[in-house]
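What follows is one structure encoded as structure tokens, with my remarks underneath.
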Amino acid sequence: CLCTWNANGLRPKLDELIHFTSTHKIDIICLTETKLTDADKIKMPNFTTYRQDRTVDGRVVRYGGVAIAIRSSIAHVHIPSRTNTDIEHIILRITNNLHVICCYSPPDHDITAGDLDALFDPHAGAVILLGDFNARHRTWTTVRGNPSGTALFRYALNTDALLAYPPTPTHFP
């Protein structure tokens, strides 16, 4: 089972995450807004975890950030992050050359087609992008859209990418 979760600060919610992955039999979980620094250690029983903490001017800061936790029994390879996109991400290659990418695009960043192109490897068998794109579009939300939503929607129209989005809001203040 594969899922994504916006942690909005992972460290204080680690026990909740461990319980969730166990209860729902999660095999791979993509985590956004981890808000971790080098000092934070994340250990989950029976999982291997990869992180990309946010850096500003070469210094790790406690906001943003992404991680993927994958069940240790699943064969996988960690792929280096692409440098030609401003979307925070981590890439794993698993069975049959499937790439799973955990993504986070901050609300102050407008996604471009170039950002998305950079994440898709033409040599991958298939690519699944999961995460928080901070992208709104009338197709999947009742609120006003934004430039990232427009870019994501147009990208899907102009490529063979498929968009899957939840039928309800994803943020509850």
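The values are calculated or read from the model by the stated rules, or taken from the named source; none is laboratory data. This is a predicted model, so every value here is computed, not measured. Ideal geometry is used to build each Cβ from the backbone, glycine not excepted, and the neighbour counts take in all protein chains shown. Side chains are part of the model used for accessible areas, which takes the heavy atoms of the whole protein and leaves out ligands, DNA and RNA. Shrake-Rupley method; radii C 1.70, N 1.55, O 1.52, S 1.80 Å.
Assorted remarks:
- Distance between the 7 Å Cα→Cβ label points at N46 and I18: 1.3 nm.
- Segment 1-56 - Rg and Dmax from Cα coordinates, angstrom: 11.1, 36
- Between helix 147-158 and the chain: long-axis angle, C-alpha atoms, 0 to 90°, nearest 10: 80 degrees
- In the distance distribution for segment 60-121, Cα-Cα pairs more than 17 Å apart total 44 percent.
- Difference of contour (0.36 nm per residue) and Cα-Cα distance, C3 to D110: 36.1 nm
- Positive-end residue, the chain charge dipole about Cα centroid, Cβ charges, pick of N146, P45, L163: P45
- Highest-MSF residue in the chain out of P106, P45, P147 [GNM, Cα springs under 10 Å]: P45
- In segment 72-173, the C-alpha radius of gyration followed by the widest Cα-Cα span (Dmax) gives 14.2, 43 angstrom.
- Maximal additional length on extending the V77-L98 stretch stands at 6.5 nm, based on 0.36 nm per residue less the C-alpha distance.
- Nearest 10 degrees, 0 to 90: helix 14-23 Cα axis against the chain principal axis: 80 degrees
- With contacts taken as Cα pairs under 8 Å and at least 6 residues apart, the chain reaches a relative contact order of 16 percent.
- Ligands, DNA and RNA left out, the 1.4 Å accessible surface of the chain is 53% carbon and sulfur atoms.
- Rounded to the nearest 0.05, the FRET efficiency derived from the C-beta distance between D121 and L157 at R0 = 22 Å is 0.55.
- Cα convex hull, the chain: 129 Å³ per residue, rounded to a whole number.
- Rounded FRET efficiency, nearest 0.05, which uses the C-beta distance separating Y63 from R138 and R0 of 30 Å: 0.55
- Mean accessible surface per residue for segment 21-149, computed with a 1.4 Å probe while every protein chain stays in place, in Å²: 51 Å²
- Using C-alpha pairs below 8 Å separated by at least 6 residues, the relative contact order for segment 85-131 is 45 percent.
- log10 of Debye I(q)/I(0), alpha-carbon scatterers only, for segment 18-89 at 0.26 Å⁻¹: -1.28
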